[in-house]
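Participant: Can you keep this structure in mind? I'll have questions shortly.
Read-outs throughout are calculated quantities, based only on the coordinates presented, and are distinct from any laboratory measurement. Computed from a prediction, not measured in an experiment: that's the story for all the values here. Positions of Cβ are backbone-derived with ideal geometry, glycine not excepted, and every protein chain shown enters the neighbour counts.
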Amino acid sequence: MSRDALFQLGMGSVSLKASQTEEHSMLPATAPEAGEPKDHFIQRDGIAFAGSHLIIDLYDAERLDDLDHIEQTMVRCVEEAGATLLHIHLHPFEPNGGISGVAVLAESHISIHSWPERGYAALDVFMCGDAEPQRCVEVLRKAFSPARIAVQELLRGKGA
């Protein structure tokens, strides 16, 4: 893909033009008053942030080359988290059978990259608003039977 095509997809350069960096006012992270639009920021333990981003690693996991199973699992994650599915795109790789893909959500996304030959999968679960991304962990545990799961949480947009 050409550099121009990558730029059009927003993937070209990390430097931003002045028009891309101008500040926009954000609504407060507290509940909106009647008639005000909700900004979907989260308020937890006195901290306001855009969303919870879970970095999930599955070790010694099963069915990481099963495209249909991965798609069904992503749908279950979305349902359990109370999120809104917009689109899923998964791509299988040959010859190892790895799968990469994303579920695009109204609340953000879930992505997966699997290495079935190593029993390993890397997932990102990022959601804002009322969605509960931590509910995806148990869905993934049941679906892939990993020997071990590592979960890190990043609070995105703190201070915005």
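Participant: Which whole-number percentage describes the relative contact order of the range 37-154, with Cα contacts under 8 Å and a sequence gap of 6 or more? Don't jump to the answer; show the numbers that get you there.
Facilitator: Numbers: 265 pairs, mean separation 44.4, N = 118.
Answer for the range 37-154 is 38 percent.
Participant: I've got another one for you. Sorted by packing (mean other beta-carbon atoms within 10 Å per residue), highest first, where do 45-55, 147-157, 124-134 land?
Facilitator: Put in order of decreasing packing, that is 124-134, 45-55, 147-157.
Participant: Within the set of other residues whose C-beta is less than 13 Å from the C-beta of residue 95, count the net charge using Lys and Arg as +1 and Asp and Glu as -1.
Facilitator: On the way: positive: none; negative: 65, 94, 117.
Neighbourhood net charge equals -3.
Participant: Quickly work out the residue 142-to-residue 158 label distance, labels modelled 7 Å from Cα along the C-beta direction, and quote it in nm with one decimal.
Facilitator: 3.2 nm
Participant: What distance in nm separates the two pseudo spin-label positions at residue 132 and residue 111, each 7 Å out from Cα along the beta-carbon direction?
Facilitator: If labels sit at residue 132 and residue 111, their model points lie 2.7 nm apart.
Participant: I'd like the per residue volume of the convex hull spanned by the Cα atoms of the range 41-156, given in cubic angstrom.
Facilitator: Residue-normalised Cα hull volume stands at 82 Å³.
Participant: Provide the FRET efficiency to the nearest 0.05 for the residue 47-residue 68 pair, computing r from the beta carbons and using R0 = 45 Å.
Facilitator: Using R0 = 45 Å, I get an efficiency of 0.70.
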